[in-house]
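A.B. asks: Here it is, the structure in full.
The values are calculated or read from the model by the stated rules, or taken from the named source; none is laboratory data. Nothing here was measured: the structure is a model prediction, and the numbers come from that model. Glycine gets a Cβ as well: all are built from the backbone with ideal geometry, and neighbour counts include every protein chain shown. The protein model used for the area step is the full one, side chains on, heavy atoms only, and it has no ligands, DNA or RNA in it. Shrake-Rupley method; radii C 1.70, N 1.55, O 1.52, S 1.80 Å.
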Amino acid sequence: MNASLILMVIFGLVAILSVVGTVQGFKERNILSIVFNLAAAVIFGGFTIATVVFGGYPATLH
């Protein structure tokens, strides 16, 4: 497997779990949890999208 494909999967899972954490933060009315989870979702979601755009999906074998 290509390293960019593995990174995309890991970053994607972190982004999805941070969205779940954001929902939990809203349920518990925890502002700090909402802020950090939204930041993580944006950053890791951006990394996932950038990896797909620049690395290709499926990853091309060189």
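A.B. asks: Which pairs turn up if I take residues in region 7-22 that are without any contact (Cβ under 8 Å) to a residue 40 or more places away in the chain and closer than 19 Å to Val52 by Cα and look for partners that are of a type in the set (A, V, I, L, M) and open to solvent by less than 80 Å² (accessible area, probe 1.4 Å) with beta carbon separation below 8 Å, at least 6 apart in sequence or on another chain?
C.D. replies: Sorted first by the residue in region 7-22, then by its partner, the pairs are Val14/Ala40; Ala15/Ala40; Ala15/Ala41.
A.B. asks: Oh, and also: Kindly provide the set of residues from region 44-62 that are surrounded by 17 or more Cβ atoms within 10 Å (Cβ to Cβ) and modelled with pLDDT under 70, ordered by number.
C.D. replies: Within region 44-62, just Ala59 meets the criteria.
A.B. asks: Can you name every residue in region 6-24 that is hydrophobic (A, V, I, L, M, F, W, C) and out of contact with any Ser or Thr (no Cβ under 8 Å at 6 or more places or on another chain)?
C.D. replies: Residues satisfying the conditions are Ile6, Val9, Ile10, Leu13, Val14, Ile16, Leu17, Val19, Val20, Val23.
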